[in-house]
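Down below is the structure, laid out as structure tokens.
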Amino acid sequence: MLEKLNIGVDVGGTNIKFGVVSASGTLLFKSSVCTHPAGGGKEILTTITDNVKQIIKNAGLSLSDVNSVGIGFPGTVDSKKGMVVYAPNIYWKNVAVTRSVKQNIRKDIFIAQDSRAAAWGEFLVGSGVGYSDIVCITLGTGIGCGMIINGNIYNGGLNTAGEFGHQLIRKNDNPCTCGRKGCLETLVGAPAIIKSALKSKTLAKKIGLKDGSASVLDIYGLAAEGDKEAIAVTGKVVEYLAAGLVNMINIVSPQVICISGGISNAKDKLLLTPLRRTIQQNVYKPAARKVKIVKSVLGSDAPLIGAALLYKNKC
Ligand SMILES: [Zn+2]
């Protein structure tokens with residue numbers, strides 16, 4: 001008998017991605033639709049179930065070929081209760097997902113926070129293969145973090161583990177989405193990097209930030225060409241991110257830190273190389289030469305692949 005396949009769903013504030021994934025983590029088919037958060041929980045749940053059925057059909061499969069459906073959400077998820085507790089990007093609070101989806105698709109349904117699903121994917125079939133404890137950081141507008149501890153997704157007793165972006169790095173007046181000031185996210189989140197670059201008029205002019213169309217990658221592009229002001233901005237990102245990662249490594253003791261998201265594609269000399277060096281100089285000594293700082297293997301597909309493989313998580 002052929003191996004059964006699993007469906008992964010990655011719910012984001014802009015798009016919802018769907019994938020057919022083999023048990024060994026190969027993404028076989030992929031599709032995407034726009035998210036319409038204004039329609040409320042019911043509309044998004046209908047979009048999910050309709051498109052799961054559609055991708056099964058488009059892949060030439062039937063429901064009997066499918067083992068499970070796994071869904072990642074951008075927010076706090078209670079995986080055991082099958083509920084999304086809080087997901088501000090899609091305006092959800094206490095939505096019973098598993099029960100609702102199961103009414104339409106009679107398969108095992110698993111849900112998790114998207115960053116934890118991404119870490120699970122990296123752990124099983126990406127940069128974390130062969131290790132027991134890994135941390136995956138996604139650098140974007142916000143900062144995602146998923147932790148695998150002792151071979152399992154770590155949720156924490158309060159189900160809020162891995163709020164890596166909300167650690168206080170430096171007291172300042174930068175307000176964070178969490179309500180505090182000085183969080184790591186206010187220093188290395190994409191808007192913060194752009195804001196920092198904007199402080200220089202010459203740099204702002206070079207990257208056309210005035211019309212709001214420039215992205216963080218433009219700053220990294222200039223830095224790669226040797227622009228001193230851009231290099232100063234990317235250097236600060238390394239300094240703050242390293243401080244956050246040193247704290248993380250000292251507390252959690254992961255074998256691997258996996259970095260994904262937009263700026264993870266920056267040239268090694270602007271991110272990974274100085275990051276490794278700064279961490280090695282500052283982290284608790286017995287961990288310094290052992291911890292590996294690597295780029296994500298699965299990239300932006302990590303949450304989708306990890307969601308599809310959630311059925312393998314024992315906790
Ligand atoms: Zn915060």
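Where a number appears in this text, it was derived from the coordinates with a stated rule and is not lab data. Just so we're clear, the structure is a prediction, and the values are computed from it rather than from any experiment. Cβ placement follows ideal geometry from the backbone for every residue including glycine, while neighbour counts extend to all protein chains displayed.
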Phi to ³J(HN,Hα) by Karplus 6.51 cos²θ - 1.76 cosθ + 1.60 over the stretch 239-245, Hz, x for Gly, Pro: 4, 6, 5, 4, 4, x, 6
Inter-centroid distance (Cα atoms) of the stretch 132-175 relative to the stretch 229-246, Å: 18
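As an exercise, use a Förster radius of 35 Å and the Cβ-Cβ distance of Ser253 and Ala224 to find the FRET efficiency, rounded to the nearest 0.05. Present the calculation step by step, with values, prior to reporting the outcome.
Working: r = 33 Å, r/R0 = 0.95.
Calculated value: 0.55.
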Overall form of the stretch 1-157 per C-alpha gyration tensor (a/c, 1.5; a/b vs b/c): oblate
Aspartates and glutamates with Cα under 13 Å of Lys201, excluding same-chain neighbours fewer than 8 positions away: Glu229
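Using a ≥ b ≥ c from the Cα gyration tensor of the stretch 70-187 (square roots of the eigenvalues), is it rounded, prolate or oblate, where a/c under 1.5 gives rounded and otherwise the larger of a/b and b/c decides, a/b for prolate?
Numbers: a/c = 2.44, a/b = 1.33, b/c = 1.84.
Oblate shape, in that a/c is at least 1.5 and b/c is the bigger or equal ratio.
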Residue-span extension gain [Tyr284 to Lys81] - 0.36 nm each, minus C-alpha spacing: 69.3 nm
The chain, helix-only ellipticity at 222 nm - DSSP H runs n ≥ 4, -39,500 (n - 2.57), divided by all residues, nearest 500: -11000 deg cm²/dmol
Built amide H within the under 5 Å cut-off of Lys295, gap 5+: Ile259
Residue-span extension gain [Ser24 to Leu168] - 0.36 nm each, minus C-alpha spacing: 48.0 nm
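Quick check: net charge around Gln255, other residues with Cβ under 10 Å of its Cβ, Lys/Arg +1 and Asp/Glu -1? It would help to have the intermediate numbers written out before the result.
On the way: positive: Lys290, Lys292; negative: Asp133.
Result for the neighbourhood of Gln255: +1.
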Amide H contacts of Val77 (H built 1.01 Å from N, under 5 Å, at least 5 apart or other chain): Val85, Gln113
Backbone HN-Hα couplings from phi across the stretch 168-178 [Karplus 6.51/-1.76/1.60, Hz, Gly and Pro as x]: 6, 9, 7, 5, 8, 9, 6, x, 9, 4, 7
Nonlocal amide H pairs with Phe29, under 5 Å, H built at 1.01 Å: Val20
DSSP-loop trypsin sites (Lys or Arg not before Pro) across the stretch 119-213, with at most 16 other Cβ within 10 angstrom: Arg170, Lys171, Arg180, Lys199
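Please label the shape of the chain as rounded, prolate or oblate, based on the square roots a ≥ b ≥ c of the eigenvalues of the alpha-carbon gyration tensor (a/c under 1.5 means rounded; beyond that, a/b larger than b/c means prolate, else oblate). It would help to have the intermediate numbers written out before the result.
Numbers: a/c = 1.86, a/b = 1.54, b/c = 1.21.
It comes out prolate by the Cα gyration axes.
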Cross-link pairs beyond the 26 Å C-alpha cut-off, checked among Lys267/Lys312; Lys57/Lys102; Lys53/Lys80; Lys181/Lys228: Lys267/Lys312; Lys181/Lys228
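Evaluate E = 1/(1 + (r/R0)^6) for Cys178 and Val129, where r is the Cβ-Cβ distance and R0 equals 41 Å; express this FRET efficiency to the nearest 0.05. Please report the intermediate quantities before stating the final value.
Numbers: r = 33 Å, r/R0 = 0.80.
Once rounded, the FRET efficiency stands at 0.80.
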Derived scalar couplings ³J(HN,Hα) [the stretch 83-100; Karplus, 6.51 cos²θ - 1.76 cosθ + 1.60; whole Hz; x for Gly, Pro]: 10, 8, 7, 7, 9, x, 4, 10, 6, 9, 9, 6, 9, 7, 7, 4, 4, 5
Förster-model FRET efficiency, 41 Å R0, Ser32 and Lys314, C-beta, rounded to 0.05: 0.85
Straight-distance crosslink candidates among lysines, where the alpha carbon sits under 22 Å from Lys290 and sequence neighbours closer than 8 are dropped: Lys269
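Could you grab the Rg to Rh ratio for the stretch 173-315? Cα atoms only, Kirkwood for Rh. Intermediate values should be presented prior to the final figure.
Details: Rg = 16.8 Å, Rh = 16.7 Å.
We get a ratio of 1.01 for the stretch 173-315.
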